Each structure stands twice: as C-alpha cells, then as structure tokens.
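The values are calculated or read from the model by the stated rules, or taken from the named source; none is laboratory data. Worth saying up front: this structure is predicted, and the values here are computed from it rather than measured. Here Cβ is always computed from backbone atoms with ideal geometry, including for glycine, and neighbour counts include all displayed protein chains.
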Amino acid sequence: MAPAFVARGLGKRYGETRALEGVDLEVAEGQLVGLLGPNGAGKSTLVKIACGLVRASAGSAEVCGARAGSPEALAAMGYLAELFRFPGWATADEVLDLHQRLTGSQGGEHERTELLELVGLREARGRRVETMSKGMQQRLGIAQALVGAPRLLLLDEPTSALDPAGRRTVRELLEELRRRRVSVLLNSHLLSEIELVCDHVVILSRGRKVAAGKPSDLARPGGVEIETGSGVRLFEAARREDAPRLVAEVVAAGEEVYGVRVITSTLEEVYLDAVGGSEPKASGDG
C-alpha cells in the first residue's frame, strides 16, 4: 500500500520568493507527523500543495499514490483549515450532511452518527454551531474532515485556540485516529502538543527541511544528574546507559542517593537550534 503522503524534492517559488526548496517528506499509514517551523518556513505552502490548491514549481507530491490535487487524491484526504467557519444556524448533523453531499459520501445517517460519537458530540447532533464552545466546534471540524473515511487527514493548528482541557480532548482524538490507522499531517506552533502526540517531526526553515525524526531521537543527551546527601552532582558527558554505573560508583564512595535524572534537550531546544534560534519578523506564509 502506498504511503498516505509523499513529497519528493518539493519546491515552490512565488516570483523571486522561495517558499519551498527540495523538501522530502513521507507520512506512512497510521502515522502522526508534526510539521513545525517559524512563520515563513513554508508549512502552509506544503499543505496547500497537498490539497491541490497550489501547484508545485519542482518535485512531486502524492496522496495515497495519486498526484496531489487529482480527484483520486482529494477523495483520499480530509482537511481542517486553521480559520474554518461553519454557519452559526446549522446543527452539527446538518454540517456533516452538507459535507457528505459535497464529497459524494454515501455514508448517510450512520456515518454522521459514527463521526459525532468519535469526536464526543453524539448528544449535540441537533445543537446549532453558534451555541457550541470553541472546543466543540473544533471537534466538529475534525468530524467533517473525516467524512468519507479518508486515509490522510491534514490539520492546520487544530489546538491553537483551545484551553488545556480542549487540547487534551483533541490529543485523545488524534490517538484514536492512530489506532484506526488514519494518517495525520499536523501543522502546529505548539511544540508541547507535537511532542506529546506525534510519531515523527519535520522541521522547516526558510523553505528547507532542517531536521526530521522521532521526537525522542531528535533529543540530545545533556548528562546525568544525581541527587546525593551532600548535594546534586552533574555528570555532563554521561548518557542514559551510564546512569547505573554512576549510581553504583557514588554509593561505593559512601554517598546516599536520593534521585537520578537523565537530562535530554527538549523539542523546543532542538527546534530553536534547527531554525537558528529566532523567527523572521514578517512573513507571507506559515
């Protein structure tokens, strides 16, 4: 089975402006990939190419083996924009019914019920959008993106306007989608959310891919810290596998050990190093 999304040597120029250059990216079946980068990094351009809204200047992009933007590719993907809007007078059920007609889905009431249950809105199917909280509207947005059972879901800042409880609800929903083998490409500025939920991270800067891998693999060792009766000792060059030996040596030297901590860089530190530690002051693309 073809990957849910593949970009090879993807490039895009707007006149003299380089939005993307030589980007390779792959989203496997059931994989949650976080797309990170400062304003102007090219994240939005990449998502627009995947959706068929923008044509690449170089390279290729495929959704489930079909050229991005083709009818076959569009039928295999769902999309939730950052600034989406549903009619305030429409009910949750009516919003999903409209998107079923737009996508040609034959799922009917059964599909709508299943999706509303998946996002925790089954009891709110008759509730109007204008009476819903931001978190409820966000979950309804994910439900509409799942109409037609797409293999790939593109989410643009799905938790940026939510409170901590709302972000946790969306994280739980994304974990359920992973269990259902739905692939997700998640564009977000919230590094803590990416670190918690994503299997793989891709960092863009000035149109280029500057880092990629599992969040745990991108982290760099920062030493081993051992709390003893005489104070905290930091072994800067040590790694995780050195911790048992170091504890044994400290105990053999007559010290009492009260705690051990393996220090690694955070995703935020990896991100700042990858993009040069600062973001552009102005940008025309996310």
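Taking the condition touching a Ser or Thr at 6+ places or on another chain (Cβ under 6 Å) and part of a loop (DSSP other than H, G, I, E, B), does Gly126 pass? Spelling it out, Gly126 is indeed touching a Ser or Thr at 6+ places or on another chain (Cβ under 6 Å) and part of a loop (DSSP other than H, G, I, E, B). From the list Arg206, Arg181, the one residue that fits, being surrounded by fewer than 20 Cβ atoms within 10 Å (Cβ to Cβ), in the same structural domain as Val23 (by TED's automatic domain parsing) and more than 27 Å from Leu20 (Cβ to Cβ), is Arg181.
Residues in the range 160-211 that are of a type in the set (A, V, I, L, M) and out of contact with any helix residue (DSSP H, G or I) (no Cβ under 8 Å at 6 or more places or on another chain) were compared, and the one that is nearest to Val119 (Cα to Cα) is Leu177. For residues that are buried (at least 17 other Cβ atoms within 10 Å of the Cβ) and free of Cβ contacts under 8 Å to residues at least 40 places away in the same chain, tally how many sit in the range 213-225. Residues flagged as buried (at least 17 other Cβ atoms within 10 Å of the Cβ) and free of Cβ contacts under 8 Å to residues at least 40 places away in the same chain within the range 213-225 amount to 2. The conditions of being touching a Ser or Thr at 6+ places or on another chain (Cβ under 9 Å), at pLDDT 90 or above and not assigned by TED's automatic domain parsing to the domain that holds Ile203 are met by Val250. With respect to the stated conditions, Ala19 fails to be of a type outside the set (D, E, K, R), within 26 Å of Leu218 (Cβ to Cβ), assigned by TED's automatic domain parsing to the domain that holds Arg178 and modelled with pLDDT of 95 or more.
Quick check on Ala66: is it of a type outside the set (Asp, Glu), under 26 Å from Arg179 (Cβ atoms) and out of contact with any strand residue (DSSP E or B) (no Cβ under 9 Å at 6 or more places or on another chain)? It is true that Ala66 is of a type outside the set (Asp, Glu), under 26 Å from Arg179 (Cβ atoms) and out of contact with any strand residue (DSSP E or B) (no Cβ under 9 Å at 6 or more places or on another chain).
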